[in-house]
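Taken together, the values in this text are just the output of simple stated rules run on the coordinates, not laboratory data. No experiment lies behind these values; they were computed from the predicted model shown. Note that each Cβ is placed from the backbone with ideal geometry, even for glycine, and that neighbours are counted across all protein chains shown.
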Amino acid sequence: MLLVTTSRRPSPRTRSFIKDLVSIIPSASKINRGHKSLVELAIEANRLGYQYILIVSDCGGNPSSIAIYEVTEDTSGHLALKNLAVIKVRGVKLSRENPESSKTYGASSLSINYSNCVSSDCFYIADLLTKIFEKILSEKPDIIIHLSESKYIELKFTNIHGKPVGPVLRIIRVEKRQ
């Protein structure tokens, strides 16, 4: 479903961030990018059965953007990547930095709560997440993704008991690429 990786030379904080993400997102895996090109990432994702690739880039040691790609085939039948969006991140709080955060194990389903969305960017993120996680959305989820807005769009995760799990993201804007 979702393959998560980084830009070519990730900072330790960015590596911790993707480890946090993969630990709470059902059916997600991380891969060390190394010197792999986008085409090689598409081939690897296809080989592993993943339809989407999430690439986290950093600036100054902190995650700064998340590019979301869909693995598709071009007209000649070759694998291609379609860039769906680039999410510009203002800041992240890792689960280890949140004293209220708890660990979650064996999550297999999730839901998306976007009732506090106001802007088109927030609704676009909700639509994108719905598309990516379509197969594991559930009425009784193990993980709930919450989208809310104030100065930034905030994306956070909770378990079935309402306790925070995983990282918290502050999103500045979304660059739609479709």
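Annotations for the structure displayed:
- The range 79-104 - residue that is without any contact (Cβ under 8 Å) to a residue 60 or more places away in the chain and more than 21 Å from E44 (Cβ to Cβ) and, of those, surrounded by the fewest Cβ atoms within 10 Å (Cβ to Cβ): P99
- If the condition is being polar (S, T, N, Q) and either outside any helix (DSSP H, G or I) or closer than 18 Å to E70 by Cβ (or both), then the range 1-22 contributes T5, T6, S7, S11.
- Members of the range 58-96 that are closer than 16 Å to T6 by Cβ, in a loop (DSSP other than H, G, I, E, B) and out of contact with any helix residue (DSSP H, G or I) (no Cβ under 7 Å at 6 or more places or on another chain): G60
- Residue check for Y105: of a type in the set (S, T, Y) and touching a Lys or Arg at 6+ places or on another chain (Cβ under 8 Å): no
- Residue within the range 55-64 that is under 19 Å from K151 (Cα atoms) and without any contact (Cβ under 8 Å) to a residue 40 or more places away in the chain present: yes
- Among the residues of the range 97-156, those identified as assigned to a loop (DSSP other than H, G, I, E, B) and in contact with a Leu (Cβ under 8 Å, 6 or more places away or on another chain) are S109, C117, F133, S138, P141, D142.
- Residue check, E70 within 14 Å of the chain's Cα centre (by Cα) and free of Cβ contacts under 8 Å to residues at least 40 places away in the same chain: yes
- So S138, is it hydroxyl-bearing (S, T, Y), surrounded by fewer than 16 Cβ atoms within 10 Å (Cβ to Cβ) and more than 15 Å from N159 (Cβ to Cβ): no
- Subset tally (residues that are part of a strand (DSSP E or B) and free of Cβ contacts under 8 Å to residues at least 24 places away in the same chain) for the range 157-178: 1
- Residue in the range 141-178 that is surrounded by the most Cβ atoms within 10 Å (Cβ to Cβ), counting only those that are touching a His at 6+ places or on another chain (Cβ under 9 Å) and of a type outside the set (F, W, Y): L155
- Qualifying residues in the range 6-32 (those that are surrounded by fewer than 18 Cβ atoms within 10 Å (Cβ to Cβ), among the basic types (K, R) and in contact (Cβ under 8 Å) with a residue 24 or more places away in the chain) - the one farthest from S108 (Cα to Cα): R8
- Residue match in the range 131-142 (condition: at negative phi and in contact with a helix residue (DSSP H, G or I) (Cβ under 6 Å, 6 or more places away or on another chain)): no
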